[in-house]
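Data first, discussion second: the structure below is written as structure tokens.
The values are calculated or read from the model by the stated rules, or taken from the named source; none is laboratory data. These numbers were taken from a predicted model, which means no experiment stands behind them. Heads up, the Cβs are rebuilt from the backbone with ideal geometry, glycines too, and the neighbour counts pull from every protein chain shown. SASA here: full protein model, heavy atoms, side chains in, ligands and nucleic acids out. Shrake-Rupley method; radii C 1.70, N 1.55, O 1.52, S 1.80 Å.
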Amino acid sequence: MKFFIDTANLAQIKEANELGILDGVTTNPSLMAKEGIKGQDAVINHYKTICEMVNGDISAEVISTTFNEIVEEGKKLAAIHKNIVVKVPMIKDGIKAIKWFTDNGIKTNCTLVFSAGQAILAAKAGAAYISPFIGRIDDSGWDGMDLIIQLAHIFDMQGYTSEILAASIRSPLHIIKCAEAGADVVTSPLESILGLLKHPLTDIGLAKFLEDAKKFA
Ligand code: E4P
């Protein structure tokens, strides 16, 4: 399972990248706004910086919602760097645009996916990545992980080549469950990635080893 970080924060991207386990980055308009990035030039420069920092796929989301506009915006985003993946919302024009990008050699990430039907359409259109939002499904009283399990089964049965990119991760347990369910990629905030490191027995064990090491140091 590949690890992406879900942020536009450069310090957090750097910290995750320095762990040596980072395969890519996802952003969205809310995450970009959180970093105070304003204006098209600033957005483009920010994506450029991320692409220079991380050697992997970097999802850059369009903010257009009609076919022609999504295609025009996506072409500009794709021109920033070879590793840019155009992130397109799961709407009717979005599916048409994903097909257009697929036919024209531009990789896409279909975002805001909440059902198996939506994921099947995105796979048929040729999306490189499909992003089910498991945390937001949990928030609405359903089990987001059920969708990952269902998609892993469908994609396997049907031989779809799109990668299941589990998004809207809220905890280290989400990451573990995604690995168990067969997600191809998980995109997570730094906190949940670092949460995987933690175990009290590791801390207790290390303290004891270091204490005992003083006896022969
Ligand atoms: C996916 O690519 C989105 O950026 C993200 O995972 C959304 O997560 P949230 O529900 O925590 O906003």
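Roughly speaking, what is the stretch gain from residue 116 to residue 102, that is 0.36 nm per residue apart minus the C-alpha to C-alpha distance, in nm to one decimal?
3.0 nm
Region 9-83: D in µm²/s via Stokes-Einstein (Kirkwood Rh, Cα pairs, 4 °C, 1.567 mPa s)?
100
Explain nothing, just compute: Karplus ³J(HN,Hα) = 6.51 cos²θ - 1.76 cosθ + 1.60, θ = phi - 60°, for every residue of region 14-21 in order, whole Hz, x for Gly and Pro.
4, 4, 5, 5, 5, 5, x, 10
Can you list the HN-Hα couplings for region 188-193, worked out from phi with the Karplus curve (6.51, -1.76, 1.60; θ = phi - 60°), rounded to whole Hz and with x for Gly and Pro?
So the Karplus estimates, Gly and Pro as x, are 9, x, 3, 4, 6, 5 Hz.
Which lysines does residue 38 reach when only Cα atoms under 29 Å apart count, and residues fewer than 8 places away in its own chain are ignored?
14, 48, 75, 76, 82, 87, 92, 96, 107
Using modelled backbone amide H atoms (1.01 Å from N, in-plane), which distant-in-sequence or interchain residues come within less than 5 Å of residue 6's amide H?
26, 188, 190
By accessible area of protein heavy atoms, probe 1.4 Å, what ranking do 3, 155 get, highest first?
The most accessible residue leads, giving 3, 155.
Summarise the long-distance tail of P(r) for region 1-42 by giving the % of C-alpha pairs beyond 12 Å.
Across region 1-42, Cα pairs with separations above 12 Å total 60 percent.
Quote the convex hull volume per residue of the chain, based on C-alpha atoms, as a whole number of Å³.
143
Post the alpha-carbon centroid distance, region 66-133 to region 167-217, in whole angstrom.
Centre-to-centre distance over Cα atoms comes out at 33 Å.
Relative to the longest principal axis of the chain, what angle (0 to 90°, nearest 10) does the C-alpha long axis of helix 172-181 take?
60
Where does region 93-153 land on the Kirkwood hydrodynamic radius, alpha-carbon pairs, in angstrom?
11.9
Testing the spin-label approximation: label points 7 Å from Cα along Cα→Cβ at residue 207 and residue 79. State their distance in nm.
5.8
FRET efficiency for residue 55 and residue 21, Cβ-Cβ distance as r, R0 = 22 Å, nearest 0.05?
0.95
With every protein chain in place, what's the accessible area of residue 202 (1.4 Å probe, Å², nearest 10)?
Per-residue accessible area (residue 202): approximately 80 Å².
Can you spot the lysines whose alpha carbon is less than 17 Å from residue 177's alpha carbon? Ignore those fewer than 8 places along the same chain.
The qualifying lysines are 2, 198.
Using the beta-carbon distance between residue 217 and residue 1 and R0 = 35 Å, what value does 1/(1 + (r/R0)^6) give for FRET efficiency, to the nearest 0.05?
Once the sixth-power term is evaluated, E becomes 0.30.
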